[in-house]
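Chemist: Have a look at this one.
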Amino acid sequence: MAFSPESGAPYGVYHSTFDSFEWMDSEGDPGFVRHVAMARLWGLVALRLAGDADADAPLPLNLTLQAEAIGGYISAAQAHARNVSSSNASRVDFGPLEAAHARFAAAAGKVGDEQRRVAKGAAPPGAAAALNEKLAYAERRFLSASGLPTRKYFRHVLQAPGLYTGYAPKTLPGVYDAVSAGDWATADAQARVAAERIDAAASFLLVE
């Protein structure tokens, strides 16, 4: 979600001495119209994620899209391993990750079906509360107890800031960082850790 120029070009003054309130007020966003629009939009997102006034409404989270994203993370990690060293790529066993992704995708599909039943009022009493518990807390299952090998303070196995990318994240960071360093044993171990956490999220979603 962004308010970038249609051309996609940077606005030129970012992090310079000209990146000031005065420049924004006179050139970047006169009247702060875009700032107001952004605040309103994010405010509405926060209200929807906080829960509808109707206690029987499901939270607006699409776990099927998250499952698709995880599949993309795995494909990117496999490509990175091949690019770093084609002869060593097979030393990272992506089988458990792919199996865990398949289980999470299936669980996400079932949760999506339940969301639609709840939204239509076709679910039994109390179903919305149980469903929203899963939607709200499934993300926590992606946290590992020990964190990334060299950065214990980052515990999410699906994404973390890159070592050398500033704000930009890396996906499956434990695997990515180890492959980049040529540490294939750690990369393989981190792939198993990520698979375990994805499996944990799938199991959490399937609890009746």
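Chemist: Helix hunt in the chain: which complete DSSP H runs extend at least 27 Å axially by C-alpha with mean Kyte-Doolittle at least -1.0? Please report the intermediate quantities before stating the final value.
Modeler: Values: long enough: 63-84 (31 Å, 0.29); 95-119 (36 Å, -0.32); 184-206 (33 Å, 0.43).
Within the chain the helices that satisfy the rule are 63-84, 95-119, 184-206.
Chemist: Ordering W23, W42 from largest to smallest accessible area (1.4 angstrom probe), what's the sequence? Kindly include the intermediate steps, with their values, before the conclusion.
Modeler: Working: W23 60, W42 125 Å².
Most to least solvent-accessible, the answer reads W42, W23.
Chemist: I'd like the accessible area for L49, computed on protein heavy atoms only with a 1.4 Å probe and all protein chains in place. Round to 10 Å², please.
Modeler: That residue has around 90 Å² of solvent-accessible surface.
Chemist: Moving on to the next point. Among A130, A50, Y164, pick out the residue whose Cα is farthest towards the positive end of the charge dipole of the chain, where Lys and Arg carry +1 and Asp and Glu carry -1 on C-beta, about the Cα centre.
Modeler: Toward the positive end, the furthest listed residue is A130.
Chemist: Something else: Which GluC sites (Glu not before Pro) from region 48-151 combine a DSSP loop assignment with at most 13 other Cβ atoms within 10 Å? Working shown, then result.
Modeler: Numbers: sites: E68, E98, E114, E133, E139; in loops: none.
Those that pass, being in a loop and sparsely packed, number zero.
Chemist: Can I ask one more? Can you give me the C-alpha center-to-center distance between region 90-137 and region 156-208, rounded to a whole angstrom?
Modeler: The distance from the Cα centre of region 90-137 to that of region 156-208 comes to 20 Å.
Chemist: Remind me, relative contact order of region 26-159 in percent, using alpha carbon pairs under 8 angstrom and six or more residues apart? Before the final figure, lay out each step's value.
Modeler: Values: 88 pairs, mean separation 32.9, N = 134.
Relative contact order for region 26-159 comes out at 25 percent.
Chemist: Still on this structure, please answer the following. What's the lysine pair count for the chain at a Cα cut-off below 21 Å, pairs eight or more apart or interchain?
Modeler: Close lysine pairs found across the chain: 4.
Chemist: Between P96, P124, P169, find the one with the highest GNM mean-square fluctuation for the chain; connect C-alpha pairs within less than 10 Å.
Modeler: Comparing P96, P124, P169 in the GNM, the peak value goes to P124.
Chemist: Something else now. Quick check: convex hull over the Cα atoms of region 100-208, volume per residue in Å³, rounded to an integer? Mind showing how you got there, number by number?
Modeler: On the way: hull volume 11.6 nm³, N = 109.
Dividing the Cα hull volume of region 100-208 by its residue count gives 106 Å³.
Chemist: Working with all protein chains in place, sort H15, H80, H35 by solvent-accessible area computed with a 1.4 Å probe, largest first. Display every interim value, and only then the final one.
Modeler: Details: H15 135, H80 40, H35 90 Å².
Final ranking, largest accessible area leading: H15, H35, H80.
Chemist: Name the residue, out of P60, P149, P30, whose mean-square fluctuation peaks in a Gaussian network model built on the chain with Cα pairs under 10 Å.
Modeler: Result: P30 has the largest fluctuation of those listed.
Chemist: In what order, largest first, do S26, S86 sit by accessible area if the probe radius is 1.4 Å?
Modeler: Details: S26 70, S86 100 Å².
Ranking S26, S86 by accessible area, largest first, yields S86, S26.
Chemist: Same structure again: Please get the size of the charge dipole for the chain, origin at its Cα centre, with Cβ charges of +1 on Lys and Arg and -1 on Asp and Glu, quoted in debye to the nearest 20.
Modeler: Values: 19 positive and 22 negative charges, 123 e Å.
The dipole of the chain has a size of about 600 debye.
Chemist: So how exposed is M38, as accessible area in Å² (1.4 Å probe, rounded to 10)?
Modeler: 70 Å²
The values are calculated or read from the model by the stated rules, or taken from the named source; none is laboratory data. On a predicted model such as this, the values are computed, not experimentally measured, just so you know. Reconstructed Cβ throughout: ideal geometry from the backbone, glycine too, with neighbour counts over all protein chains shown. Areas reflect the complete protein model, heavy atoms only, side chains present, ligands, DNA and RNA absent. Shrake-Rupley method; radii C 1.70, N 1.55, O 1.52, S 1.80 Å.
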